[in-house]
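The values are calculated or read from the model by the stated rules, or taken from the named source; none is laboratory data. Computed from a predicted structure; not experimentally measured. Here the Cβ is made from the backbone with ideal geometry for all residues, glycine too, and neighbour counts use every protein chain on show. The protein model used for the area step is the full one, side chains on, heavy atoms only, and it has no ligands, DNA or RNA in it. Shrake-Rupley method; radii C 1.70, N 1.55, O 1.52, S 1.80 Å.
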Amino acid sequence: MIKTVATTPYTDQKMGTAGLRRKSKIAMQPNYVENFMQSIFNVIGDLSDKTFLLGGDGRFYNSVAIQKIIKMSAANGIKKLVIGQNGFISTPAGSNIILKNKLNGGFILSASHNPGGENGDFGIKYSNETGGQIPSSVSDKIYQETLSIKEYKICDAEDVDLSQLRTFTYCGMEIEIIDPVKDYVELMQKIFDFAAIKQMFAKGFTMRFDAMNAVTGPYAVEIFEHILGASKGSVVNYIPKEDFGGLHPDPNMVYAKELVNFMFSDKAADFGAANDGDGDRNMILGKSFFVTPNDSLAILTDNFNLIPYYKNGIYGVAKSAATSTAVERVAKAHNIGYYEVPTGWKYFVNLMDSKRITFCGEESFGTGSSHIREKDGIWAVLFWLNILAATGKTVEEITTEHWQKYGRSYYIRFDFEGVESAVADKLMADLENKLPTLNGKSFGEFMVDKAAPFVYHDPVDGSTTKNGLIIRFTDGSRIVYRLSGTGSSGATIRVYLERFSAKDVLKTPLDMVAPLADIALEVAEIPERTGKHKADVIT
Ligand code: G16
């Protein structure tokens, strides 16, 4: 039943920040998924003793791709696949399954927060035995393999029915179909004080969780409504849909509009939250109040001792370079390790495995801990609920008190989308060359302290990664530039603006960073080079 099929390479199968992401129509080309998967299998080598997890966020084309991957796994001699029922599993739940069952890795079919559907995006995230996504050294090898692939192996058999929980043999390979929700719920119950949160709901506390028609719906209904007793209807958009119901499943102030409008209305719940397509990103809201992911990471870290799982102490904390420095001040206050890494959750994995850090987070709505090796949307929501239950305070009170104690990093990200790749690459290269000339230069009240590329030396594997350009000012303000690595076409230039204030903590962020925005556009010549005088998305 095993066929070897001749194929020719595609030249665009290089993974980005988190796996391979392409327009669905690109991924649907003949042998596109097959080439990519066979290249991964070839790089791994002997598969006969390997067990992998397989699942996804339910987006368009997943149901086709998952059957291809099952048939190819069998043909390539993989020992066993553990598959989420109906092909579903969230990215964090998948990481938990890999770690808990000591699997050799896994494949999550998701383009994360990118829109789905025939005109949306498709993607594949590949994790190894750490439960986190593979390092760049491995993805580089896979890319090289995709450039010379000549054939792939596939089992010529019927599609597999993924609807029933069962274990069986298919084409000589063992398959176990698992409940994607159960183990994840058990893990969350081990970490948080469910009794205290339940009591808070019983006293009338209200929440709205927007699953954005994506994978976390079933997890959220089970945890928030069934177990913790949030009133029925607290979880909205909870049925995963192939096109996410037309929503852009990116939990931020722009794309989670329905939730934001509700939370800023007079009907607002006490607490609001949203997750993205594959359940690793989160957004946190109070009544008419938004908590930036930067502040959220700092606040969670500062309150670790309210959470049963962490109350005996934590290792350090890490953030991506583009993320604000809010958490650095918390790390100093608690005298714990502090690390800055390139953008991409995979860079946290070595730090977690070597017990250097417990918590980590990114400005791109990702927060997590070493309970798994991916960022975790529902974990962040539960962490906030646990803090609210333990303190009896509101989201706004917790956050403003935090600013009063530590000062505030006002933070805004500008995205310039749909820029021609060549234009964006040249802009970044020219800006990098210009950086040394900026040192010591003044722009109004801001004087450049240091302008340099961000270079990371991994303390565990010794690898070096360069990602992003940073202009640091003498007052602690920063401008960070980088190109997005999660898009499926063209380039997105991200400009991250941060301004610190020790005392003045209740100003409007956009007003506070406005002078930095002017400097950022001028220095990089963004209007002249892209024709864009303002950002397409401001978050
Ligand atoms: C992925 C990575 C994140 C990273 C984000 C940045 O998120 O897992 O660690 O912060 O990309 O994206 P970009 O390169 O576009 O700035 P996700 O949620 O898309 O998997």
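Relative contact order of the range 437-480: 34 percent, from C-alpha pairs under 8 Å at least 6 residues apart in sequence.
Summing +1 for each Lys or Arg and -1 for each Asp or Glu among the other residues whose beta-carbon sits under 12 angstrom from that of THR51 gives 0.
Using the heavy atoms of the protein chains alone and a 1.4 angstrom probe, what is the accessible area of the chain per residue in square angstrom?
38 Å²
Taken over the range 457-506, the ratio of Cα radius of gyration to 2.2 N^0.38 Å equals 1.57. With a cut-off of 18 Å, note down the residues of the range 93-121 whose backbone N falls inside the zone around a label point 7 Å from the Cα of LYS182 toward its beta carbon. Backbone N within reach: 93-103. The heavy atoms of ARG472 present about 80 square angstrom of accessible area, all protein chains included, probe 1.4 Å.
In the range 214-281, what percent of the accessible surface is made up of carbon and sulfur (1.4 Å probe, ligands and nucleic acids excluded)?
54 percent
Under a Cβ-Cβ cut-off of 9 Å, what is the net charge of the residues other than ASP449 that fall near it, where Lys and Arg count +1 and Asp and Glu count -1? That works out to +1.
Backbone amide hydrogens, once placed in the peptide plane, bring PHE264 within less than 5 Å of SER288, excluding anything fewer than 5 places away on its chain.
Based only on the alpha carbon positions, what is the Kirkwood hydrodynamic radius of the chain, in angstrom?
Here the Kirkwood hydrodynamic radius works out to 23.8 Å.
A simple rule links phi to the HN-Hα coupling: the Karplus curve 6.51 cos²θ - 1.76 cosθ + 1.60 with θ = phi - 60°, which for the range 231-248 gives 5, 4, x, 5, 9, 10, 6, 8, 9, x, 10, 4, 10, 6, x, x, 6, 9 Hz, with x for Gly and Pro. Considering the range 152-306 at the alpha-carbon level, its Rg and Dmax are found to be 18.6, 59 Å. Dividing the radius of gyration of the alpha carbons in the range 426-478 by their Kirkwood radius gives 1.07 for Rg/Rh. The distance between label points at GLU525 and ASP159 comes to 5.3 nm (points 7 Å beyond Cα on the Cα→Cβ vector). Restricting attention to the range 347-455, the count of lysine pairs at 8 or more positions apart or across chains with alpha carbons under 20 Å apart stands at 5.
Phi angles of the range 456-466 translate, via the Karplus equation with coefficients 6.51, -1.76, 1.60 and θ = phi - 60°, into HN-Hα couplings of 10, 10, 5, x, 9, 9, x, 6, 10, 10, 10 Hz per residue; Gly and Pro are given as x. By the Kirkwood approach, averaging reciprocal distances over each pair of separate Cα atoms, the range 311-364 gets a hydrodynamic radius of 11.0 Å. Within the range 203-274, the percentage of alpha carbon pairs spaced more than 21 angstrom apart rounds to 22%. Across the range 135-149, coupling constants 3J(HN,Hα) worked out from phi with the 6.51/-1.76/1.60 Karplus curve, θ = phi - 60°, read x, 4, 4, 7, 5, 5, 5, 5, 4, 4, 5, 4, 7, 10, 5 Hz, and Gly and Pro carry x. A simple charge model with +1 on the Cβ of Lys and Arg, -1 on the Cβ of Asp and Glu and nothing else charged puts the dipole of the range 90-235 at about 660 debye relative to its Cα centre. Dipole of the chain computed with +1 at Lys/Arg Cβ and -1 at Asp/Glu Cβ about the Cα centre; of ILE89, TYR184, VAL327, farthest Cα towards the positive end is VAL327. Among the trypsin sites (Lys or Arg not before Pro) within the range 1-110, those in coil by DSSP and having at most 10 neighbouring Cβ atoms inside 10 Å are LYS102.
By accessible area of protein heavy atoms, probe 1.4 Å, what ranking do GLU242, GLU528, GLU129 get, highest first?
Descending order: GLU528, GLU129, GLU242.
Determine the percent antiparallel among the DSSP beta bridges restricted to the chain, to the nearest 5. If I count the DSSP bridges inside the chain, around 70 percent turn out antiparallel. For Cα pairs less than 8 Å apart in space and 6+ apart in sequence, what is the mean separation divided by the residue count of the chain, i.e. the relative contact order in percent? Computed value for the chain: 14 percent relative contact order. Distant-in-sequence amide contacts of SER320, defined by a placed amide H-H separation under 5 Å and a gap of 5 or more residues or a different chain, comprise VAL341, GLY361, GLU363. Which shape class applies to the range 338-381: rounded if a/c is under 1.5, otherwise prolate when a/b exceeds b/c and oblate if not, where a ≥ b ≥ c are the square roots of the Cα gyration tensor eigenvalues? It is oblate, given that a/c is not under 1.5 and a/b is not larger than b/c.
Tell me, what does the Kirkwood hydrodynamic radius of the range 122-233 come to in angstroms if you use every pair of distinct C-alpha atoms?
18.6 Å
Extension gain, ASN433-SER463: 0.36 nm per intervening residue step, less the Cα-Cα distance, totals 8.4 nm. Three principal axis extents of the range 392-539 based on alpha-carbon atoms, in descending order, are 51, 41, 36 Å.
Of the residues TRP384, MET263, TYR309, the one whose Cα sits farthest towards the positive end of the charge dipole of the chain is TYR309 (charges of +1 on Lys and Arg Cβ, -1 on Asp and Glu Cβ, taken about the Cα centre). For the range 341-429, the fraction of C-alpha pairs farther apart than 21 angstrom is 54 percent. Just check the range 31-121 against the gyration tensor rule for me: Cα atoms, a ≥ b ≥ c as the square roots of the eigenvalues, rounded for a/c under 1.5, and otherwise prolate or oblate depending on whether a/b exceeds b/c. Verdict is oblate for the range 31-121. Shape annotation for the range 119-162: C-alpha extents along the principal axes are 36, 31, 28 Å, from largest to smallest. Here is the size of the range 236-301 from its Cα atoms: Rg then Dmax, 12.2, 35 Å.
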